[in-house]
Amino acid sequence: MRQLDDSAWRNNAADEYDTYLLQAANMILQGATCETVAAYLDDIISGSMALGPPSEAVHHASLLTAEAISAYLQVDRASF
């Protein structure tokens, strides 16, 4: 599992998806809501990936993804 502060990922098979994930996780750690992170993911889908405006189902998937990242970070922080 890659860590937010692990710089090695940048040199070993890093791709744009890693960057998106780390940015979303960092947003949550900085206090962003899951809705804000979902909007960020929607922007990636519509802008960077040029897939057009996200549908309601796509936004729902973005929100679930943000919630899963948030839940993971809560568990991870609890182990420290």
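The values are calculated or read from the model by the stated rules, or taken from the named source; none is laboratory data. Bear in mind that the values here come from a model prediction, so they are computed numbers and not experimental data. With ideal geometry, Cβ positions are generated from the backbone for all residues, glycine too; neighbour counts draw on all protein chains shown. Areas reflect the complete protein model, heavy atoms only, side chains present, ligands, DNA and RNA absent. Shrake-Rupley method; radii C 1.70, N 1.55, O 1.52, S 1.80 Å.
General observations
- When nucleic acids and ligands are ignored and a 1.4 Å probe is applied, residue 43 ends up with an accessible area of around 100 Å².
- Label positions at residue 74 and residue 30, each projected 7 Å from the Cα along the C-beta direction, are separated by 2.2 nm.
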